[in-house]
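Take a look at the structure below.
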Amino acid sequence: MEVEWKVEKNLSDQICKQLLGWYDQNHRDLPWRNTKDPYHIWVSEIMLQQTRVDTVIPYYERFMEKFPTIQTLAHADEESVIKAWEGLGYYSRARNLHGAAKEVTAKYDGQVPQHPDDISTLRGVGPYTAGAILSIAYNLKAPAVDGNVMRVFSRLFALHDDIARPATRRLMERVAMKLIPDDRPGDFNQALMELGAMICTPKSPRCLACPLHHQCKAFDQDLVLKLPVKQKAKKVKLVRTVFTWIEYKGQVLMEKRPTKGLLAGMWGFPTLTYSKTITPQHVVNTFCEEQGIAFQHMKMCGTLNHIFTHRRWDGVIMQVYVNKLPVLNDPNLKWIDIDSIEDLALPTVYKKVSQLVELGV
């Protein structure tokens, strides 16, 4: 059974006053903070998931220039959306945003819904994103609890609940609702996030610069570096990978990845896996035979390791020179001019492959 949380009103008032006062004087001037447009705020929040602010800023500005309204995004083709997202990673975010924009345009006449039940049904919009949009854009009292906020609350109230558990998130959403002021819900939520990002950091928190250190139980009890509690992350799975660069007279073979899974639906170079008992050359030979590709010779031209969230591709790059252009029966394979590679929305790992082949590493 989940425990109900109580925050005394005088403490709540102190926290609000001091936190908002600090935020007014110290918040960063970020482009998405200069608008109340729910679409713009939505885009920024999706981009900021698992990505640093400094990295997001130029992507956000280019994306807004290319897709200034939710209608322009909804009517764009997926390839151009992915291209605009290129380099940010976690491409499912872009696909979900694109799909949700289409839904908002069709179902809500292009207006991002203001009701929690409606906005929460949109693709890629979880409790945090919904709360951020509703509070910042619409000035509605809604919790927006992300990792920064959970860290702040864990320390402020000396909570030892595992923040990886859904029940802990729900507890902290209730805590937030007790604290959020009626008049400035969006600013309060952003102030909490800013405090976690700038002051109450995971390592080396600047406690004496924190506007809430007098109220902070973890600071008082010397628990700051022991909180928050979080279960250990899953081990990264090692996958032996072969990146194949199959070339014929200025063209290279590209493969569209499956619609589900890692880098779903994106174009890259044919990517194969092998085991300790099978050589990279063998898997490339097998692939070429299956596709009817005859080649003159093959060589290993480099190695590349790339880490995703829970997976690492420990790879070699095999360069294959083809005798003649075969007829491809697989719709997920195509030949493109090597000079046109940069026009495709390539995931970072395949950009690295292209660069290494070009360098002859």
Evaluate segment 235-246: report whether one residue or more is in contact (Cβ under 8 Å) with a residue 40 or more places away in the chain, touching a Gly at 6+ places or on another chain (Cβ under 9 Å), of a type in the set (Val, Ile, Thr) and surrounded by fewer than 20 Cβ atoms within 10 Å (Cβ to Cβ).
-> yes
Look at GLU2 and say whether it is part of a loop (DSSP other than H, G, I, E, B), modelled with pLDDT under 95, out of contact with any Asp or Glu (no Cβ under 8 Å at 6 or more places or on another chain) and not hydrophobic (A, V, I, L, M, F, W, C).
-> yes
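Looking at segment 6-27, can you tell me whether even one residue there is over 25 Å from LEU212 (Cβ atoms), surrounded by fewer than 16 Cβ atoms within 10 Å (Cβ to Cβ) and basic (Lys, Arg)? First the steps, then the outcome.
Taking segment 6-27 first, the residues over 25 Å from LEU212 (Cβ atoms) are none.
Scanning segment 6-27, I find no residue that is over 25 Å from LEU212 (Cβ atoms), surrounded by fewer than 16 Cβ atoms within 10 Å (Cβ to Cβ) and basic (Lys, Arg), so the answer is no.
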May I ask you to list the residues in segment 280-292 that are surrounded by 14 or more Cβ atoms within 10 Å (Cβ to Cβ) and out of contact with any Phe, Trp or Tyr (no Cβ under 8 Å at 6 or more places or on another chain)?
-> GLN281, VAL284, ASN285, PHE287, GLN291
Taking the condition charged (D, E, K, R) and closer than 15 Å to TRP42 by Cα, does ARG123 pass?
-> yes
Give the residue, chosen from VAL229, VAL175, VAL242, that is more than 28 Å from HIS310 (Cα to Cα), of a type in the set (Val, Ile, Thr) and under 27 Å from the mean Cα position of the chain (by Cα).
-> VAL175
Residues of segment 147-198 being closer than 14 Å to LYS17 by Cα and in contact with a Gly (Cβ under 8 Å, 6 or more places away or on another chain), which ones?
-> ASN189
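Quick one: count up the residues across segment 260-308 that are over 30 Å from ASP77 (Cα atoms), of a type outside the set (Val, Ile, Thr) and either outside any loop (DSSP other than H, G, I, E, B) or touching a Pro at 6+ places or on another chain (Cβ under 8 Å) (or both). I'd like the intermediate steps shown before the answer.
Step one: list which residues in segment 260-308 are over 30 Å from ASP77 (Cα atoms), which gives 273-290, 292-305.
Right, trim to of a type outside the set (Val, Ile, Thr) and you get 274-276, 280-282, 285, 287-290, 292, 294-302, 304-305.
Going one step further and asking which of them are either outside any loop (DSSP other than H, G, I, E, B) or touching a Pro at 6+ places or on another chain (Cβ under 8 Å) (or both), we end up with 274, 280-282, 285, 287-290, 292, 294-302, 304-305.
Here the count works out to 21.
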Identity of the residue in segment 112-135, touching a helix residue (DSSP H, G or I) at 6+ places or on another chain (Cβ under 7 Å) and surrounded by fewer than 17 Cβ atoms within 10 Å (Cβ to Cβ), that ends up farthest from ALA76 (Cα to Cα) | PRO116
Filtering segment 94-112 for residues that are part of a helix (DSSP H, G or I), over 23 Å from the mean Cα position of the chain (by Cα) and of a type outside the set (Lys, Arg) leaves a count of 2
May I ask you to list the residues in segment 183-224 that are outside any helix (DSSP H, G or I), charged (D, E, K, R) and within 17 Å of SER12 (Cβ to Cβ)?
-> ASP183, ARG184
If you take the residues in segment 29-60 that are surrounded by fewer than 15 Cβ atoms within 10 Å (Cβ to Cβ) and not in a helix (DSSP H, G or I), which one is modelled with the lowest pLDDT?
-> GLN50
For VAL327: the one exception among (1) surrounded by fewer than 12 Cβ atoms within 10 Å (Cβ to Cβ); (2) under 20 Å from ILE82 (Cβ atoms) = (2)
Can you name the residue in segment 113-167 that is in a loop (DSSP other than H, G, I, E, B) and β-branched (Val, Ile, Thr) and is also farthest from LYS230 (Cα to Cα) among such residues?
-> THR121
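Out of all the residues in segment 307-327, which are in contact with a helix residue (DSSP H, G or I) (Cβ under 8 Å, 6 or more places away or on another chain) and without any contact (Cβ under 8 Å) to a residue 60 or more places away in the chain? Talk me through it step by step, then tell me what you get.
Step one: filter segment 307-327 for residues in contact with a helix residue (DSSP H, G or I) (Cβ under 8 Å, 6 or more places away or on another chain), giving 313, 316-320, 326.
Scanning segment 307-327 gives a single hit, PRO326.
The values are calculated or read from the model by the stated rules, or taken from the named source; none is laboratory data. Just so it is clear, the structure is predicted and the values come from calculations on it, not from any experiment. Note that we place each Cβ from the backbone using ideal geometry, even for glycine, and neighbour counts take in every protein chain shown.
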